[in-house]
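> Structure in structure tokens, see below.
The values are calculated or read from the model by the stated rules, or taken from the named source; none is laboratory data. In this text the structure is predicted, and so the values were computed from the model without any measurement. Neighbour counts are summed over all protein chains in view; Cβ atoms, including those assigned to glycine, are modelled from backbone coordinates with ideal geometry. All accessible areas refer to the heavy atoms of the entire protein, side chains included, with ligands and DNA or RNA removed. Shrake-Rupley method; radii C 1.70, N 1.55, O 1.52, S 1.80 Å.
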Amino acid sequence: MEERRGDGGAGGPDRPLDPREWEESRGGRPGAGAGPRMTAEPERGAEDHEYHWHTGAKREHGAEDAVEFIDVVKAFGRNRVLNGLNLGLPDGQISMILGPSGTGKSVCIKHMVGLLYPDEGDVLVHGQSVPAMADDELFEMRKKFGVLFQDGALFGSMNVFDNVAFPLRQHTDKGEDEIREIVMRRLTEVGLAAAAEKMPNELSGGMRKRAGFARALVLDPGIVLFDEPDSGLDPVRTALLCELIQEVHEENGGAYCVITHDIMSARRVADYIAILWKGRIVESGPARDLFNSDNQFVRQFLSGEAQGPLGME
Amino acid sequence: MVQSAADRVFLPTKNLLEQVGDMMILTGKTLVSALRPPYPYGTEFVQQFLFMLRLCWLPLTISTIAFGYGAPGLQAGNFLVLFGAIDRLGGFFVLASIREFAPFVTAIILAGVGGTAITADLGARKIREELDALQVLGVDPIKNLVVPRFLALMVVTGLFNIYALIFGIFGGVLATLTFDAPLGPFFATLLNNASTTDLWGSVVKTTLFGAIIAIVSCYKGMTASGGAEGVGRAVNQGVVIEFLGIFAFNYVFTQTLLATHPEISVIK
């Protein structure tokens, strides 16, 4: 493991290298070269070794934030999943939250739609505090969202058509003919028109995910959240899904937020990237800036290399 | 060491109290949701009601006849025959079947067959993130899933209590016939001792058993976590809590009923 940390192996610490150690061995400085538009958060416990790579750099994206996390802390028992998270997801752009497994990406999505509440801090959707909403306001606010869950989360008692039609029947006064037209258009887009009458347990994982995608988009929501849309899909379908996300976004606009591990997907569709690790943002900003970041953690993660500050720990 | 021992005692107790508190909150929210318009749960209520009928009628028939015939029927009959008082078996069935055994057997069958089905169903939906998806789609799971189950279980448990009474007393009839005794004295002492208070007390008690079963089943299902194993654990915990809740509530209800209606304690 220490060999994998490369240059840090000589010192033999059983911990991630801190930026100074790493950069000294590379002749650089963490977070350097971020450009003049970059702003940094006040340092939070610099002595906290875990967060040496978290420069908290936020690069300007030139848009209003549709969703904001302000100093969010969330713990499950003794496990602090989000630890002072500050993040803004720009409106009108496709954002990606990237990060190693188990770092709190899905927990972020659940906070946005009020399925989880922060222990500390606040989550704002279009400037409104989600934790402060009453149940009725929350259900109303959720109508702004379309969410694609990891496994599609289709209703097992309904066929694919009824699953996709469910939000339309629930929240609109549209007639059955119009609903049929909209649903079939969405199902055609995701390549499931022929499977409209099938039950969810007759579909493969990828098909369930595509059906969930169609359902998430059927109300043309202003904010769409995708929880690992590419997991379980083959590379071609992943590429097609990314293309579809882009097309739908171009057509409808709004804030799209994709959670993924897949760097290729990030390269294809992301306008804005936030890298999450250990419950905080390492860096966030427009995709092209992040892909050129000097932060070694960001560079390692976005290039998918084994060598770097991120080990198996 | 001391910390670890304290944690071992303190954390489960805290967890238990939190769960009881959560179930109380769920009960309150369910009642409010049931009464506040809109009322979108009609279809689901009918489906759940029919589902419970379909699931429980046969186990309940077998259990009530077997239990009525075996426990209060043959056991008490053996005892009464010693005193030449087998005609009092009908009166004993008021105490045994109407006040206690019919509600108990009904609640146990409903908890074991219907309650577990509800926990497993909601637990599986929770694991598949269906419940999260419902909420995100702006649908209140309490109003749409808990309320219909709560109402259906209350109604069906109350009605099944009447059914259990009938078949429980049928067990007593079989026991009387087993002792070659005439049925006239059985029914005479049964009707002499039975009162409307016994009947409504039995039905109300069982209806409230249904409410306990519904709340616990829904709560355990909707908070299941940890995959398929977690659903199994939720079902197991749910049925244990339901039995404990039923026994504890039965004690409180029976004591209250006897205290407020002392005339039903008089043997005629």
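> Would you be able to say whether some residue in the range A:100-109 is touching a helix residue (DSSP H, G or I) at 6+ places or on another chain (Cβ under 8 Å) and either at the interface with chain B (Cβ under 10 Å from one of its Cβ atoms) or closer than 20 Å to A:Ala255 by Cβ (or both)? Lay out the reasoning, then the answer.
Applying the first criterion (touching a helix residue (DSSP H, G or I) at 6+ places or on another chain (Cβ under 8 Å)) to the range A:100-109 yields A:100.
Subset that is either at the interface with chain B (Cβ under 10 Å from one of its Cβ atoms) or closer than 20 Å to A:Ala255 by Cβ (or both): none.
No, the range A:100-109 has no match at all.
> Looking at this structure, is A:Glu197 open to solvent by 50 Å² or more (accessible area, probe 1.4 Å) and not in a helix (DSSP H, G or I)?
On the way: open to solvent by 50 Å² or more (accessible area, probe 1.4 Å): yes; not in a helix (DSSP H, G or I): yes.
Criteria met by A:Glu197.
> Right, here's the next one. Does A:Glu178 qualify as being assigned to a helix (DSSP H, G or I) and open to solvent by 50 Å² or more (accessible area, probe 1.4 Å)?
Yes: the conditions hold for A:Glu178.
> Then there's this: So is B:Phe93 within 30 Å of B:Gly221 (Cβ to Cβ), of a type in the set (A, V, I, L, M, F, W, C) and either at pLDDT 90 or above or under 23 Å from the mean Cα position of the chain (by Cα) (or both) or not?
Numbers: within 30 Å of B:Gly221 (Cβ to Cβ): no; of a type in the set (A, V, I, L, M, F, W, C): yes; either at pLDDT 90 or above or under 23 Å from the mean Cα position of the chain (by Cα) (or both): yes.
Criteria not met by B:Phe93.
> Still on this structure: Here is a check on your reading of the model: is B:Gly201 away from every other protein chain (no Cβ under 14 Å) and on the phi < 0 side of the Ramachandran plot?
So B:Gly201 fits the description; yes.
> Sticking with this structure for a sec: What's the number of the condition B:Leu153 fails, among (1) within 14 Å of another protein chain (Cβ to nearest Cβ); (2) out of contact with any Lys or Arg (no Cβ under 8 Å at 6 or more places or on another chain); (3) open to solvent by less than 20 Å² (accessible area, probe 1.4 Å)?
Among (1) within 14 Å of another protein chain (Cβ to nearest Cβ); (2) out of contact with any Lys or Arg (no Cβ under 8 Å at 6 or more places or on another chain); (3) open to solvent by less than 20 Å² (accessible area, probe 1.4 Å), the lone unmet condition for B:Leu153 is (1).
> Hey, among A:Leu244, A:Leu233, which residue is among the aliphatic types (A, V, I, L, M), assigned to a loop (DSSP other than H, G, I, E, B) and either more than 22 Å from A:Val125 (Cβ to Cβ) or open to solvent by 60 Å² or more (accessible area, probe 1.4 Å) (or both)?
Exactly one of A:Leu244, A:Leu233 is among the aliphatic types (A, V, I, L, M), assigned to a loop (DSSP other than H, G, I, E, B) and either more than 22 Å from A:Val125 (Cβ to Cβ) or open to solvent by 60 Å² or more (accessible area, probe 1.4 Å) (or both), namely A:Leu233.
> Right, something else. Would you tally the residues in the range A:91-100 being at pLDDT 90 or above and either open to solvent by less than 10 Å² (accessible area, probe 1.4 Å) or in a strand (DSSP E or B) (or both)?
4
> Follow-up. Restrict the check to the range B:78-87 and report whether at least one residue is open to solvent by less than 20 Å² (accessible area, probe 1.4 Å) and assigned to a helix (DSSP H, G or I).
no
> Please find, among B:Thr157, B:Thr197, B:Thr178, the residue that is over 14 Å from the mean Cα position of the chain (by Cα) and farther than 21 Å from B:Ile86 by Cβ.
Values: B:Thr157 fails: over 14 Å from the mean Cα position of the chain (by Cα); B:Thr178 fails: farther than 21 Å from B:Ile86 by Cβ.
The match here is B:Thr197.
> Now, a different point. Hey, can you tell me all the residues within the range B:122-131 that are more than 9 Å from chain A (Cβ to nearest Cβ), open to solvent by 30 Å² or more (accessible area, probe 1.4 Å) and not aliphatic (A, V, I, L, M)?
B:Lys126
> Tell me the residue from A:Asp162, A:Asp71 that is assigned to a strand (DSSP E or B) and more than 10 Å from chain B (Cβ to nearest Cβ), please.
Just a single option satisfies the conditions, and that option is A:Asp71.
> Can you find a residue that is surrounded by 22 or more Cβ atoms within 10 Å (Cβ to Cβ), more than 14 Å from A:Val224 (Cα to Cα) and in contact with a Pro (Cβ under 7 Å, 6 or more places away or on another chain) anywhere in the range A:116-125?
Yes, the range A:116-125 contains a residue that is surrounded by 22 or more Cβ atoms within 10 Å (Cβ to Cβ), more than 14 Å from A:Val224 (Cα to Cα) and in contact with a Pro (Cβ under 7 Å, 6 or more places away or on another chain).
> B:Pro141 - would you say it is within 14 Å of another protein chain (Cβ to nearest Cβ), in contact with a Phe, Trp or Tyr (Cβ under 6 Å, 6 or more places away or on another chain), within 21 Å of B:Gly210 (Cβ to Cβ) and touching a residue at least 60 places away in the same chain (Cβ under 8 Å)?
no
> Okay, next question. In the list B:Tyr39, B:Tyr69, which residue meets the criterion of being more than 25 Å from B:Thr119 (Cα to Cα) and open to solvent by 40 Å² or more (accessible area, probe 1.4 Å)?
So the residue among B:Tyr39, B:Tyr69 that is more than 25 Å from B:Thr119 (Cα to Cα) and open to solvent by 40 Å² or more (accessible area, probe 1.4 Å) is B:Tyr69.
> Another question, then. I'd like to verify a number: residues in the range A:200-214 that are of a type in the set (Lys, Arg), open to solvent by 10 Å² or more (accessible area, probe 1.4 Å) and within 14 Å of chain B (Cβ to nearest Cβ), how many?
The number of residues fulfilling the criteria is 1.
> Can you name every residue in the range B:106-121 that is crowded, with 24+ Cβ neighbours inside 10 Å and not polar (S, T, N, Q)?
B:Ala107, B:Ile109, B:Leu110, B:Ala111, B:Gly114, B:Gly115, B:Ile118
> Quick one: is B:Pro103 touching a residue at least 40 places away in the same chain (Cβ under 8 Å), more than 24 Å from B:Arg54 (Cα to Cα) and crowded, with 20+ Cβ neighbours inside 10 Å?
no
> More than 22 Å from B:Tyr69 (Cα to Cα) and either crowded, with 23+ Cβ neighbours inside 10 Å or away from chain A (no Cβ under 14 Å) (or both), is that true of B:Ala164? Reasoning before the result, please.
Values: more than 22 Å from B:Tyr69 (Cα to Cα): no; either crowded, with 23+ Cβ neighbours inside 10 Å or away from chain A (no Cβ under 14 Å) (or both): yes.
Considered against the rule, which asks whether it is more than 22 Å from B:Tyr69 (Cα to Cα) and either crowded, with 23+ Cβ neighbours inside 10 Å or away from chain A (no Cβ under 14 Å) (or both), B:Ala164 comes out as no.
> So, of the residues in the range A:128-147 that are more than 22 Å from the chain's Cα centre (by Cα) and either open to solvent by less than 10 Å² (accessible area, probe 1.4 Å) or within 19 Å of A:Val72 (Cβ to Cβ) (or both), which turns out to be farthest from the other protein chains (Cβ to nearest Cβ)?
Ranking the qualifying residues of the range A:128-147, first place goes to A:Ala132.
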